[in-house]
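Since every read-out is calculated from the coordinates, none of them should be taken as a lab result. Every value quoted in this text rests on a predicted model; they were computed, and no experiment measured them. Backbone-built Cβ (ideal geometry, glycine too); neighbour counts: all protein chains shown.
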C-alpha cells in the first residue's frame, strides 16, 4: 500500500471571483522552476517552501467550503506536482460537482507531449497554458499575457464567461490583505 500523496501548497483562498468563473476556491501550489520574468507570485517558486498537505485533507477542506462552483489550481506550477494534483482533481471530478480551472506555465503542446501532464490537464474544464511574458502583458480573459492559450475542455464555460471574470480582487482578512487575479501588480 502506498503512502498518502501530499501536495506542497503555497496558499489556499476559500472564495475568489478573480481566478475563474463564479465563486471558486483557489489553491496555489508551491514550487516552480519556470521563474517567469514578472511572475505575480514569486513566493510560490521555491520548491521547499509552503506546506505539505495530504491530498485527502485538501479535498476535505475544499468540500467543506459552501457556495463555491469550482476550484482553481495555480502556482507555482501545478504540473510540477502532477501526481498529487492529478489525484486531487480526479477526486474532485468523481466526488463533487465542482468545476476545475488549471493554470500552467507550460505551453499547451508541451503538456500534450507528456502523457502524465496531459492526463492531469484533461481533468480540468479550463486550462490556461503558457508562460507569463511580461512584454506581452494582456490581463484579461484569465490570460496574463497574450502568448498564453485558453483551452475549454468541457462545455461548462464559454470564452464570454472568462471575459466576465474580474481582472483583480482585493480580499481583506483580519491578519492580511490578499490581492489576486490576473492583473496583480508586479512584485
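Data table
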| item | result |
| --- | --- |
| Helix-only [θ]222 nm of the chain, DSSP H runs n ≥ 4, -39500 (n - 2.57) each, per residue, nearest 500 | -6000 deg cm²/dmol |
| Ranked 126, 68, criterion: other C-beta atoms within 10 Å, fewest first | 68, 126 |
| As computed over segment 1-83, the Cα convex hull volume per residue (Å³) | 97 Å³ |
| Taking 24, 63 and counting other C-beta atoms within 10 Å, the order from fewest to most | 63, 24 |
| Two-decimal log10 I(q)/I(0) for segment 58-137, as the Debye equation yields it once each C-alpha is a single scatterer, q = 0.12, 0.22, 0.24 Å⁻¹ | -0.34, -1.00, -1.14 |
| Exposure proxy ranking, count of Cβ atoms within 10 Å, fewest first, for 28, 108 | 108, 28 |
